[in-house]
Amino acid sequence: MRRGHRSITTLALTFLLAWALATGSAVAEDFLQQIGQGSVNWTKGTIQGKGIGAPPEKYYGKPNARPMAIRAAKVVALRNILETVNGVRVDSETVVRDFAVDSDVIRSQVQGIVRGARQVNVEYMSDGTVEVVMEISMFGEFTSALLPPSVGSMPTAVISPPASDGTASSAPASAEYTGLVIDARGFGVRPAMAPKVMDESGQEVYGSAFVSREYAVQQGMTGYAKDLDGARGNDRVTNNPLVVKALRVEGPGKCDLVISDMDAAMLRGAADTRGFLEKCRVMIVVD
């Protein structure tokens, strides 16, 4: 009887292991970018800063030592978040710091957002110091303040413009996709809040003229992932995205992508292309 139980247990464990391996690709590693003393999670849309604080030496061993250390750590963490935020790339030519320098309003908004960061982790060290991790969301107020005014401010771009010879290239009308995934690995692509995607002639197939500002503010113009399976399985692009390969990266910030004319034609000709582009259902796979 015991041997039978062991066999059933072994079989169950084997099944669970096989299931985990089969579905492991759906649990993708987030794409993290280190900037200064903080990090940007471009998959989840968060920015974190870590700080370590200690109480004044005369307070060691006293009841208020720990709260004082936490406050000190939070100050450092918020400073690190602000440093990281200033290095976030908005588009191929601009980082947040550029906007903040040019506009007192944006600088004030950014500082206010950082001050409202939430504490996501705290660790107490044996030497009396405290390590605190603070976090802000890149969506909502942050994106609203920093996305260029051109994003979502004009009528949605025409998806299927005529080719130069007067004919229109398109995918079969039956091709129904729920999003776009661009495999841009191997080009050293840098993430940005408002990247562009162009065909080989330089005509935009996705960018500020294609999105609803409401959706861009809610979830960002694009998501980023480190592997293709993770991007394809991301909720942003739902269950049947069009997957294309980037030909190269362009722009001084190395964040704008070029795809083939054939892939651009497939995108323009797909059913409901305008719908999923307006809703920012785009994922970019990077190294």
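Laboratory data are not the source of any read-out in this text; all were calculated from the coordinates shown. Since this is a predicted model, take the numbers as computed values, not measurements. A quick note on method: Cβ atoms are made from the backbone with ideal geometry, for glycine too, and the neighbour counts reach across all protein chains shown.
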Under the 7 Å Cα-to-Cβ spin-label approximation, ALA271 and SER201 lie apart by a distance in nanometres of 2.8 nm
Label point distance in nm, ASP287-GLN34, each placed 7 Å from Cα along Cα→Cβ = 1.6 nm
Simple spin-label estimate for ARG190 and VAL122 in nanometres, 7 Å along Cα-Cβ = 3.6 nm
For the range 58-149, what is the per residue volume of the convex hull drawn over the alpha-carbon atoms, in cubic angstrom?
-> 113 Å³
Beyond 27 Å between alpha-carbons counts as too far, so tell me which of LYS44/LYS74; LYS74/LYS196; LYS74/LYS254 fall in that bin.
-> LYS74/LYS196; LYS74/LYS254
Taking a straight Cα-to-Cα line shorter than 14 Å from LYS50, and setting aside same-chain aspartates and glutamates fewer than 8 residues away, one finds GLU83, GLU123, GLU131, GLU135
For an R0 of 41 angstrom, estimate the FRET efficiency from the Cβ-Cβ distance between ARG115 and ASN239 and round to the nearest 0.05.
-> 0.55
Vicinal HN-Hα couplings computed from phi for the range 216-221 (Karplus, 6.51 cos²θ - 1.76 cosθ + 1.60; Hz; Gly/Pro x) | 4, 5, 5, 9, x, 6
Could you state the number of Å between the C-alpha centres of the range 58-120 and the range 131-154?
-> 14 Å
